[in-house]
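This report refers to the structure that appears directly beneath it.
Please treat every number below as a calculation from the coordinates, not as lab data. Only a predicted model underlies this, so the values are computations on that prediction, with no experimental measurement involved. Because the Cβ atoms are built from the backbone with ideal geometry, glycine has one as well, and the counts that use them run over all protein chains shown.
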Amino acid sequence: MKPYKVREWRQHFGLTQGQLAHGAGIDRVSVARYETGPADPKVSTAVKLAGAMGITVFELRQSPTMVEELARPMAGGENR
């Protein structure tokens with residue numbers, strides 16, 4: 001399992017690999033390698049990738065659906 005969900009988040013925001021790479025200040029080939037393996041980004045690069053998409057590194061490690069589910073208020077309007 002990949003530690004960062006780069007492809008899921010990139011697709012969630014409708015970005016191409018090139019657009020994400022440009023926003024993060026890295027090359028497109030690196031984005032492709034992070035999405036498909038064998039490489040995982042260093043933490044400093046993960047920060048750049050997350051920042052380019054307006055999310056946190058913590059969120060980058062989760063799937064977009066998981067983050068959306070966690071953000072929803074609990075039934076009955078109570079947050080626990």
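Counting beta carbons within 10 Å around each of Ser63, Ser30, Ser44 and listing the fewest first gives the order Ser44, Ser63, Ser30.
When you filter the chymotrypsin sites (Phe, Trp or Tyr not before Pro) in segment 1-39 for DSSP loop state and at most 16 other Cβ atoms inside 10 Å of their Cβ, you are left with Phe13. Loop-located GluC sites (Glu not before Pro) in the chain (DSSP state not H, G, I, E or B) with no more than 14 neighbouring Cβ atoms inside 10 Å: Glu78. The stretch between Phe58 and Thr36 holds 5.9 nm of extra length on full extension. This uses 0.36 nm per residue minus the Cα-Cα distance. Over the chain, Cα pairs under 8 Å with separation of 6+ residues give a relative contact order of 34 percent.
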